[in-house]
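K.L.:
Pasting a structure here, questions to come.
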Amino acid sequence: MRCWLKIEEMALEELMQRLNAVSQCADEIMHQDIIPLYAADIQDQLKKQFAYLSGGRGGDGCPVITFPDYPAFSEIPEKEFQNVLTYLTSIPSLRDAGIGFILVIDRRQDKWTSVKASILRIAASFPGNLQLVLVLRPTGFFHRALSDIAFRFNKDELKMKVPIIMLGSVSELQGYIDKTQLTEDLGGTLDYCHNRWLSRRTAIEGFAQKVKQTAQILQSFGTELAETELPNDVQSTSSLLATHTEKKDKMKEDIRVAVEQGDDILGSITKPVTENPDYKLNQDQLDNQTTVERLLAQLHETETAFDEFWMKHQQKLEQCLRLRNFEQNFREVKAALDIVSERLSAFTDVGNSRSHVEHILKDLANFKERSDETVTKAKMLASERDAFIQSNHYAVDSIIPKCSELLHLCDAFTTETERRRKLLNKSLELHDLLEKSMKWCDEGIYLLASQPVDKCQSQDGAESALQEIEKFLDTGAGNKIKELNKIYEEYAHILNEDLKDHVQKVFQKQESMEEMFQKRQVSLKKLAAKQTRPVQPVAPRPEAFVKSPCTSPGLQRENVSNSDSSALRRVNYRKGKSEMTELHQSRGGSTMDDEENLAVLRQHVMNELIETERAYVEELLCVLEGYAAEMDNPLMAHLIPPELQNKKDILFGNMEEIYHFHNRIFLRELETYVEYPELVGRCFLDQMEDFQIYEKYCQNKPRSESLWRQFSDSVFFQECQRKLDHKLSLDSYLLKPVQRITKYQLLLKEMLKYSKNCEGAEDLQEALTSILGILKAVNDSMHQIAITGYDGNLNELGKLLMQGSFNVWTDHKKGHTKVKDLARFKPMQRHLFLHEKAVLFCKKREENGEGYEKAPSYSYKHSLNMAAVGITENVKGDAKKFEIWYNAREEVYIVQAPTPEVKATWVNEIRKVLTSQLQACREASQHRTLEQTQSLPLPLPASSCASPSRNHIRNIKKMEEKKADLTSLEGCGTTVAPKYPEKGKGWAKPSHSLDASEENDGWSSAEEPLNSSDAEEEGGGGAGEIKLTPGKYTVVTDYDKGVSEEFTVKSGDLVQLIREGEDGLWFVKNLSSGREGWIPAGNLLMLIGNSKSAQSLSSSESGTASSNLSTSSSCSDSCNVSSTSFSDIKG
């Protein structure tokens, strides 16, 4: 840098010297250094032409100045006269002017007095050297004679430094000056035009000034360029270079214009010669030509000096710009190297399973592939060092260390990446060994579990089993861990505490399995020997199966779809299950052996649960990092279609939330139960609320599927799939959460199957039920979000309990609001949504499209408020029908389910809703009664004693109500909507629908008996409780759901009620078939109906057994709550 500054200072100094020389030379050429006077300054004075320099020369080369006849000569101001003479004497060269001037004074038309005055004035004012004065005296006789006499007498007065010769004619003048050097007005042949001469002199002097000004401007510009400080950034340097280049171009343009101007002047001087080769320039013209040529030479010298300076200055700016680019690229590349180095330092995990290590290796390879671009850029930038050196860059001393630093960082990154890869390969090697050992142990355990004990009692069977064991043990040479210390020593640099603990557990399991084999071998060898008495079969020790070390959480994380070992493990698992079943059948009473086998099967179900959970978590992470994160990657932005941008939340839903739940919570909780698989149900129950996040994911799935179908061919998705090396496209992985939530119930069923008598069986059953409930809620919500046309908020209707498609008929009391309701012989196809507060009737509409786009939508028609709804559970003629009626049967909807089972499910769910509403009303009524009672003045002791009694009675009532509810659930023909009678009128008969039986075979609410206190208060009594009594009855409908599977009855059979047992069951004998069995009381009411033998039904009138209860009326009677429907719009 210092060297460059010195060079630039020298260049500027040289430029200044050369340009100063040009300026001085221009002044010398134009004699401005002696007499700084220009023609342009006295142009008006020169135009008077009282004196001119014609260009003629005397015999010895003296310049001739002519004073033509000028009448107003005496009137010329002295200043003007002096300026003109001074200027004219400054034009000839110094050599010619030094010889002296010849003055030709033409006074042929003047008077002697004027001649005298002119001579005296000229003699007094002439600034130059005079060699000769020639005066053409007046031509008139008188004035000529007078001039002769006067000249003689005034000779001393006119005495000058040079002789004055009085000439009488032009011919005499030619005797002193050659004719060719005289102008035409003096009888000569010299071509002279005063205006042309004046114009040319002005042009030459202007050109001279231009040359001088150009040199001075270039001096200033050069100083400006040299004193400009170099910027520190690329943009400023580039801008400065452009600005200086623009100014330089303007300077060059000015020089070009000046050169053209000089060439034009030179051309005008030499034009006569060009046009006529015989033409000879006079001395003045030759002097002018020489002057212009010298000025042009000075101008070219100026341009050359500036070009040389500019070349150096431009080189400095370009090198500065290159340096700033290098520095900027260096900062960017170094920052990028720092980032990739920092990310590389995050690859500290050596993996906890083979699949995990493979995943890390793949991530490392992808990371290295992405980082190669940065490393390549860094190396390319460092390679510019040689170019800087070769170009003699002024800052090469600061560039070389930066290039060396980049090369060092690249080498360090490459070395560290390779070291990490070797560590991971070593970890992969260790996990291969561990998995081989685990697989060998599992196969050994299956082998022991699959050897039939009864077959081993014989000598041949024992020898065969012994051979199997020995053959299997021979396979352990390449599969088992031989020396634990060598493993620790060989893999010391990758063994962390978790991995070391895992290795120890695998080794302990291997030792435990080998110990089991040794014990089995000892037993079999005893059996194989010749026996004199029967030998008891030898079974594997329970501890060998239960207490053997389980697989570590990370070891079994294999790719479910691609791993051969995982597939083999499943085959062994199924094989083991089959063999365990056979073993269970063959062993008969060996309870301990059965429990051991079940423990093995539970353990393998647990292993599969954890393995698949880990694989699931890894797949979610792979999708989130390989697809979702890439949508925010600026380097991938150009591959994402504009319509897909900012739609990551739609495409992936809440997958990230699901991943964090499973990775941070659920998987870790599962791993804590690995040694207690039968208790894993508690793990599911503890996290059951978190599983609700799947409902949100599934609800978003149609939008995600639609978005995927639009952009599945996008280059972005193809590039992401290529980087991840996935065989399946993204949509397959977006389906993983849906598949996983359905997988849990299958695994729980398997675990429950092998844990019937275990401690955690109840938790497993509850977890299974809860998972199935979540699946149902997810499925229901998928249908609920497809409802269209509902004006309100569906969330205000409470929890969605059921949904399904039904045939619906209507039968209303108040006439018909539409013509199409006049005759509903054909059913309406309706999709019902049962909420806690309302039931919605919708019309299902199939949509065109593919996949989720083909999912149906539901057009809302109307809804019923559950506070005013009642049901009739049995409609004569069709076991799949039931009634939903509204506002005391003002509106009746006959609903036909697809199957009787679906009908029973819906009726039970509606019954629960109505019962809960009735219970809420009852509790509110009791609360008011209690408040009224407490407001009465009672003695303190009595009050304190009465409270426990009331609480005891209330508890008994609640227990009876629960029992009654459980009993009613076993029946199918109940009507659950309690409707209280009007005062004094008893129980009113219900209206009948088109397809309903004329005698409703339902019975009153399973929750509230007919003779309830509320009914007695409102109706004044009259309604007794329906009771069953022993006797004979005729069956009115078929029944095949008794407690005993062999007991069935058909319509028309005669049955006898023998006795009432516990839990509301009656022992019944079918007199037609002779078979006996237990039937719930609620079902008996449906079976016997109003048969003639059914006199034991206690009722105030024969029709009251079919009375329907409405929660709307009971609520209005008990709680004074009026029922209002959500909508009565009929579809």
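The values are calculated or read from the model by the stated rules, or taken from the named source; none is laboratory data. Keep in mind the model is a prediction, meaning the values are calculated, not measured. No Cβ is skipped: glycine too gets one built from the backbone with ideal geometry, and neighbour counts run over all protein chains shown. Accessible surface is based on the protein model in full, side chains and every heavy atom, while ligands, DNA and RNA are left aside. Shrake-Rupley method; radii C 1.70, N 1.55, O 1.52, S 1.80 Å.
K.L.:
Cβ contacts < 7 Å: first residue at negative phi and open to solvent by 30 Å² or more (accessible area, probe 1.4 Å), restricted to segment 791-804; second residue assigned to a loop (DSSP other than H, G, I, E, B) and small (Gly, Ala, Ser), any location; separation 6+ or different chain. Result?
P.N.:
Listed by first residue and then by second, the contacts come to nothing, as the list is empty.
K.L.:
From the list Glu224, Glu229, which residue is of a type in the set (Asp, Glu), at pLDDT below 85 and either surrounded by 14 or more Cβ atoms within 10 Å (Cβ to Cβ) or part of a helix (DSSP H, G or I) (or both)?
P.N.:
Only one candidate passes the filter, namely Glu224.
K.L.:
Of all residues in segment 633-663, how many are farther than 21 Å from Pro737 by Cβ and open to solvent by 70 Å² or more (accessible area, probe 1.4 Å)?
P.N.:
So the answer is 7.
K.L.:
Go through segment 664-683 and count every residue that is in contact with a helix residue (DSSP H, G or I) (Cβ under 6 Å, 6 or more places away or on another chain) and open to solvent by 50 Å² or more (accessible area, probe 1.4 Å).
P.N.:
Number of matching residues: 2.
K.L.:
Collect the residues in segment 705-741 that are within 22 Å of Arg614 (Cβ to Cβ) and surrounded by 13 or more Cβ atoms within 10 Å (Cβ to Cβ), keeping them in residue-number order.
P.N.:
Passing the criteria: Leu724, His726, Leu730, Ser732, Tyr733, Leu734, Leu735, Lys736, Pro737, Val738, Arg740, Ile741.
K.L.:
Would you check which residues across segment 90-135 are among the small types (Gly, Ala, Ser), open to solvent by 20 Å² or more (accessible area, probe 1.4 Å) and outside any helix (DSSP H, G or I) and list them?
P.N.:
Ser93, Gly128
K.L.:
Run Leu746 past the list (1) in a helix (DSSP H, G or I); (2) free of Cβ contacts under 8 Å to residues at least 12 places away in the same chain; (3) within 26 Å of the chain's Cα centre (by Cα) and report the number of the one that doesn't hold.
P.N.:
That leaves (3) as the condition not met.
K.L.:
Going through Leu679, Leu651, Leu667 one at a time, which residue ends up being part of a helix (DSSP H, G or I), modelled with pLDDT under 95 and more than 30 Å from Glu766 (Cα to Cα)?
P.N.:
Within the list Leu679, Leu651, Leu667, the selection yields Leu651.
K.L.:
A follow-up question, please. Test of understanding: among Leu775, Leu832, Leu747, which residue is touching a helix residue (DSSP H, G or I) at 6+ places or on another chain (Cβ under 6 Å) and at pLDDT 85 or above?
P.N.:
Just one listed residue meets the conditions, Leu747.
K.L.:
If I go through segment 339-395 residue by residue, how many of them are among the β-branched types (Val, Ile, Thr), touching a helix residue (DSSP H, G or I) at 6+ places or on another chain (Cβ under 8 Å) and farther than 30 Å from Gln328 by Cβ?
P.N.:
3
K.L.:
Moving on to the next point. Confirm whether Lys402 is in contact (Cβ under 8 Å) with a residue 60 or more places away in the chain and of a type in the set (Lys, Arg).
P.N.:
In short, yes.
K.L.:
Another question about this same structure. Test Glu470 against the criterion of being out of contact with any His (no Cβ under 6 Å at 6 or more places or on another chain), over 22 Å from Arg602 (Cβ atoms), modelled with pLDDT of 85 or more and open to solvent by 60 Å² or more (accessible area, probe 1.4 Å), and give yes or no.
P.N.:
Spelling it out, Glu470 is indeed out of contact with any His (no Cβ under 6 Å at 6 or more places or on another chain), over 22 Å from Arg602 (Cβ atoms), modelled with pLDDT of 85 or more and open to solvent by 60 Å² or more (accessible area, probe 1.4 Å).
K.L.:
Being buried (at least 19 other Cβ atoms within 10 Å of the Cβ) and basic (Lys, Arg) is the filter here; which residues of segment 313-332 pass it?
P.N.:
Correct list: Lys316, Arg322, Arg324.
K.L.:
Which residues, taken from segment 873-890, are open to solvent by 10 Å² or more (accessible area, probe 1.4 Å) and under 54 Å from the mean Cα position of the chain (by Cα)?
P.N.:
Of everything in segment 873-890, those that are open to solvent by 10 Å² or more (accessible area, probe 1.4 Å) and under 54 Å from the mean Cα position of the chain (by Cα) turn out to be Lys880, Lys881.
K.L.:
Restricting to segment 779-793, and then to whatever is modelled with pLDDT under 85 and not in a loop (DSSP other than H, G, I, E, B), can you tell me which residue is nearest to Asn908 (Cα to Cα)?
P.N.:
Here the residue is Asp780.
K.L.:
Shifting gears a bit: On the given criteria, is Ser755 out of contact with any strand residue (DSSP E or B) (no Cβ under 6 Å at 6 or more places or on another chain), open to solvent by less than 30 Å² (accessible area, probe 1.4 Å), among the hydroxyl-bearing types (Ser, Thr, Tyr) and part of a loop (DSSP other than H, G, I, E, B)?
P.N.:
Yes, satisfied.
K.L.:
Oh, and also: Could you tell me whether any residue of segment 234-247 is open to solvent by less than 70 Å² (accessible area, probe 1.4 Å), in contact with an Asp or Glu (Cβ under 9 Å, 6 or more places away or on another chain), basic (Lys, Arg) and in contact (Cβ under 8 Å) with a residue 12 or more places away in the chain?
P.N.:
no
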